[in-house]
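A.B. asks: A single structure is presented below for examination.
The values are calculated or read from the model by the stated rules, or taken from the named source; none is laboratory data. All values reported here derive from a predicted model rather than from experimental measurement. Cβ coordinates were reconstructed from backbone atoms using ideal geometry, including for glycine residues, and neighbour counts include every protein chain displayed. We work out accessible area using only protein heavy atoms, side chains counted, and drop any ligands, DNA or RNA first. Shrake-Rupley method; radii C 1.70, N 1.55, O 1.52, S 1.80 Å.
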Amino acid sequence: MLSWPTALIGIVVIKAILSLAVRPGSFLVSYSGISYFLLLLLATSFAVRNGIQNTQGSRPFWVFLAIAYGLWALDQWLFIYYELGRHIEVPNNSIADPVLFLHIVPLMAAVATLPHRNVSDRKLYRAILNSLLLLFFWSFLYGYIVFPYQYLLSSSAMPSSYVMRFDTLYLLENLALVVTVGILTLRVQAPWKSIYLHLFGASTLYALSSAVANLAIDSGGYVNGKLYGLGLTAAVCWFVWIPLRARQESGAEGTATLFDSSQSSQGSVWGMLLVVMISIPIVWELFERNENTGLRTLRLLVAIAAIVCLASAAYIKEYLARRELAFHFGLANDRLRLAMQAGTSVAWELDVKSGRDFWFGDLQTIFGIASDTYVTTGEDFIRYVHPDDRTRVSEAIANAKQNRKLYAAEFRIVQPDGTVRWLAARGKFYYARNGNPERMLGVSLDITERKLAEEKLQEYEKAVEGSEEMIAVVNREYRYLIANRKFLSQRNMTKEQVVGRLVPEVLNKGVFETVVKEKLDECFGGKVVRYEMRYTYPVLGERSLLVSNFPIEGSGGVDRVACILQDITERKRAEEALFDMNRRVIEAEERERNRIARDLHEDVGQRLALLALAIEQLKNDLPHQAVELLDRMDAVWKKTSEILTDVKASAHELYSPRLEYLGIPSVMRSFCEEFGEKKRVEID
């Protein structure tokens, strides 16, 4: 697909080939002016499209550029009409030259909009009034220098007089545009730097080419198709490329610029300066006696009309700028007032000579004054200050005034109802040329909540400092805020080495990431977290710790964690000793139970079994005894069997409790040891 740069370069190349290969003045070269006209129409359409789509957020720039291209195209159309349509040269008294001259003015107006300033509140009236100032000024120069010789004195004056005046003024106009764009090109940033560079290059090429062409026309040697026409065609192609290039740069971000009211004031100053400059020719015409009276009158009228137009435009611009400035000032004042009320602060301005002190802001909260503004005196302000702080505040103000440095103080004020509040004040003195102070500006911020928090923190630190447990407070950045004496001594560190440092910088390497961080994050979620860990201290060695993390609520939720560390090493050792003692007692009980069970089973049980056998044998040996005796012996045998059964059951009920208390591994180990002793084998 053919791109626009390729097409434009191709047009220039074709123009160059025609200029070299075709005889100047031929029919083909004569009709090349149509392509010149079509290029200008194309540039106009591209500029209009950019204006409609607000390319780069600068619609006024593209509108003025489209007007400039349109006037330029109109001039070329007039040339085609006379040269190709009527086959005559363009008359000097036609509108072609004024149109050609004035097409530079919209280009200047486009640049004067300063589109590189990405101002959110850009006003259209500035662009319009700037363009009017430029139009009035250059119209005055044209009407004063060229117009009389073009329309009024064209028959009597020398033919070259009008042409020379027009060419000189047109060259100055082009140079003014080139210089202005060149200066701005050095000051802007992307994406407008690229656009300005192309505008600078196209304007420079056109200024040089038109100057050479005009010299050829003035000397009578201008022939259509010469190489100086190539420069004009290349310049027009370059102007066509500018709107296209801006669309390519539309994705780039410009540098934002804040509202600057001085721009409007500078424009008004330039307007008044032009009025003064125009007054110089008026004075010259009043003293010029050798000139045609009608010409002098016309020039005076042109100058007076230009002065009236320029002064009116400058006045309107200054009026609108002041009104806009007043609006912005009021808006800024309201924003400041709202900000000060939201931040519980008061601003003040002291007139040193009169002693008048103007306050505004949240006076109700700070001073108990039911108003947004309050006018008082410096002495009245001191009466609001707490009696214990008055001397310190007065000395701070006097020191700032004498040594020309910023005033800074923190003090208490007492409201009419007796409420005490803390203020942090900052201020600056402004001095006259003779060195005497004229006024003082400052702001006071309510820091009562901060002071109360600091007092509570100090009380908390005192309570924590005397504790025998290790205590530290950590914020959400994992930075130590508090560390008590016990915490520091255990680590053999100073307060400066801990407070303000990050937790990973204080703890042993790897402990924070593997253990501590997860527990702190859980506590920042609002939970109380307790856990045990082993930690190696530089002097004490490895110790067992019980860590308890408690969340501390702030204004925005949990923002700190209080960590209480208890050294439970001795308790752990006592628990281990108690566990060992319990094991020994259980093993002793086990041995006793085994002995009793063995005695019951092997001694008493065997003897009862022998007794039962003896009774059974006795019954068999006395078959003929009395029935009654046999019955009694049978009863004794049954009782003996019952006793034997009960003894065996008791022996089985004396089971080992080691499984319940010691667990499977210990019971299996004990069983293997006992089995090995009995069988005299070694079990691993």
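A.B. asks: In terms of modelled amide H atoms, which long-range or inter-chain residues lie less than 5 Å from the amide H of residue 484?
C.D. replies: For residue 484, whose amide H was placed from the backbone, the distant partners under 5 Å are 471.
A.B. asks: I'd like the Karplus ³J(HN,Hα) series for the stretch 389-399: coefficients 6.51, -1.76, 1.60, θ = phi - 60°, whole numbers in Hz, and an x wherever there's a Gly or Pro.
C.D. replies: Those phi angles translate into 10, 4, 5, 5, 5, 4, 5, 5, 5, 5, 5 Hz.
A.B. asks: How large is ³J(HN,Hα), in whole Hz, for each residue of the stretch 67-72 in order, when computed from phi with the Karplus curve 6.51 cos²θ - 1.76 cosθ + 1.60 and θ = phi - 60°, using x for Gly and Pro?
C.D. replies: For the stretch 67-72, the Karplus-derived couplings read 4, 4, 4, x, 5, 5 Hz, x marking Gly and Pro.
A.B. asks: Here is a follow-up. What does the net charge come to around residue 319 if you take all other residues with beta carbon closer than 14 Å to its beta carbon, with K and R at +1 and D and E at -1?
C.D. replies: +3
A.B. asks: Holding the Cα-Cα limit at 31 Å, pick out from 428/495; 123/193; 495/527; 193/317; 519/572 the pairs that are longer than that.
C.D. replies: Cα-Cα > 31 Å for 428/495; rest within.
A.B. asks: Can you send over the solvent-accessible area of residue 568, 1.4 Å probe, protein chains only, in Å² to the nearest 10?
C.D. replies: 10 Å²
A.B. asks: What is the distance in Å between the Cα centroid of the stretch 428-458 and that of the stretch 347-398?
C.D. replies: 11 Å
A.B. asks: Using the Karplus curve 6.51 cos²θ - 1.76 cosθ + 1.60 with θ = phi - 60°, work out ³J(HN,Hα) for each residue of the stretch 188-203 in order, rounded to whole Hz, and write x for Gly and Pro.
C.D. replies: 8, 10, 4, x, 6, 4, 5, 5, 5, 4, 5, 5, 5, x, 5, 5
A.B. asks: When only the heavy atoms of the protein chains count and the probe is 1.4 Å, how do 540, 132, 244, 613 rank by accessible area, highest first?
C.D. replies: So, going from the largest accessible area down, we get 613, 540, 132, 244.
A.B. asks: A further question on this structure: Using the Cα gyration tensor of the stretch 399-444, with a ≥ b ≥ c the square roots of its eigenvalues, what is the shape: rounded (a/c below 1.5), prolate (a/b larger than b/c) or oblate (neither)?
C.D. replies: Because a/c hits 1.5 or more and a/b exceeds b/c, the stretch 399-444 counts as prolate.
A.B. asks: Sticking with this one: Leaving out ligands and nucleic acids, and using a 1.4 Å probe, what accessible area per residue does the stretch 439-572 come to in Å²?
C.D. replies: That works out to 56 Å² per residue.
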